[in-house]
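Scroll down for the structure; my scribbles are underneath it.
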Amino acid sequence: MMKDLGPSGANYGHPMPVLMVGTYDENGTVDVMNLHWCTMSEDGHLTLCLGEIKKTHENIKKMGAFTVALVNPSLMKEADYFGIMSGYKVPDKFARTGLNAVKSAHVNAPIIEGSPLVYECELSEIVKTGHFHAVIGKIINVVADESVLDENGRLDAKKTGMLLFDSFSNNYVTLGEKAGEAWKEGRKYV
Amino acid sequence: MMKNLGPNAFGYGYPAPVLMVGTYNDDGTVNVMNLHECTRTNAGHLACCIGPRSKTHENVEKRRAFTIALVNQNLIKEVDYFGTVTGYTNPDKFAKTGLKAEKSQFVNAPIIEGSPLVIECELIEVVYTNNFTTVLARIVNVAADESVLDNRGRIDSHKTGMLFFDAFSNSYIALGEKVGTAWSDGKKYL
């Protein structure tokens, strides 16, 4: 039996990966925001839905670059704080957490130490229509902590410890167990 | 120690929820595609990066409506199949699975029986730029199977049994455990 919950029934959306978006301002100060409204779009591009009123938006426009990092339990408190406080109100919000960052070797944006997996992005374009506003980043490099690679050098989702934001309960949730194989489970219908 | 994997390591992106996109064909039959490139926007809409050459895209442009459903273990074979073949070469792909659908009461699109959570959408616009295209939709209603609601009538993400597509290993993965609380764990830095 299906129950109608209305247009706001999904709150801030279904559970999605929590991300840290890292940028520099014009003084070289690191700013980080917490974002889960992000998806792969065209091949090799990430689309971030973030408002123009954000410090991150201003920084991306000025620097033309940003990083997107997965968040694991070791960074959960910091990532949560980045989602609570604006970089406009607290310009040293990153410094307050005690985290360190190094400049990406590929783009003008910071890589936050301790991140399991980081996408280094160059601003491709800012898309704006009457109903839609998004920052499109082209992936210039993917950088992973060695601990999240398997013995063949491939990324292992479980090893990243990546967290999801569950807006139904306002919780952070881990990824669970493998449930099946893509492009295999459905073969019985082919 | 961080390791550079290059831009191609991006592949199909980091793990994201697997979704079924349901539309009607010209003759009223049902088409369903498998999608993980979808996010809520900061304005509260849904942005679905559906390939412009897909049958779903054609249907969405013609009907100006579609449904997005989370996928659980009971639907894994079917949704994997929906991601394996296209509705152009297999117009009866939905019928082949033996699944049933009924028309949404709110939009001109099908709700697939057995879906734990369905977002009923009305097309706002198809956004096209040089490096980007997305189907932008207004959420008209969220319909949940009663079994996924907690005792206060709220959606329980674990009860949905939702699955994620992990492009690192081409696997489907379940949701894991709660590890923290949003807008709470970061308060120590305030």
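A few comments on the model shown:
- Residues satisfying the criterion are present in segment B:52-73 (criterion: closer than 26 Å to B:Gly176 by Cβ and either surrounded by fewer than 22 Cβ atoms within 10 Å (Cβ to Cβ) or modelled with pLDDT under 95 (or both)).
- Restricted to segment B:1-58, the set of strands (runs of 3 or more DSSP E) holding at least 2 residues that are touching a helix residue (DSSP H, G or I) at 6+ places or on another chain (Cβ under 6 Å) comprises B:19-24, B:30-35.
- Of the residues making up segment B:157-190, those that are outside any strand (DSSP E or B), within 7 Å of another protein chain (Cβ to nearest Cβ) and in contact with a Ser or Thr (Cβ under 7 Å, 6 or more places away or on another chain) are B:Ser157, B:Tyr189.
- Residue in segment B:150-165 that is closer than 23 Å to B:Cys48 by Cβ and in contact with a Lys or Arg (Cβ under 7 Å, 6 or more places away or on another chain) present: no
- The set of residues in segment A:154-168 being touching a His at 6+ places or on another chain (Cβ under 9 Å), facing another protein chain (nearest Cβ under 7 Å) and either surrounded by fewer than 20 Cβ atoms within 10 Å (Cβ to Cβ) or assigned to a loop (DSSP other than H, G, I, E, B) (or both) consists of A:Phe168 alone.
- Residue match in segment A:81-97 (condition: under 13 Å from the mean Cα position of the chain (by Cα) and either more than 10 Å from chain B (Cβ to nearest Cβ) or not small (Gly, Ala, Ser) (or both)): yes
- Check on B:Asp27, more than 7 Å from chain A (Cβ to nearest Cβ) and in contact (Cβ under 8 Å) with a residue 40 or more places away in the chain: no
- Counted residues, segment A:1-53 - those being more than 11 Å from chain B (Cβ to nearest Cβ) and either touching a Cys at 6+ places or on another chain (Cβ under 9 Å) or at positive phi (or both): 2
The values are calculated or read from the model by the stated rules, or taken from the named source; none is laboratory data. Nothing here was measured: the structure is a model prediction, and the numbers come from that model. In this analysis, Cβ positions are derived from the backbone assuming ideal geometry, glycine residues included, and neighbour counts consider all displayed protein chains.
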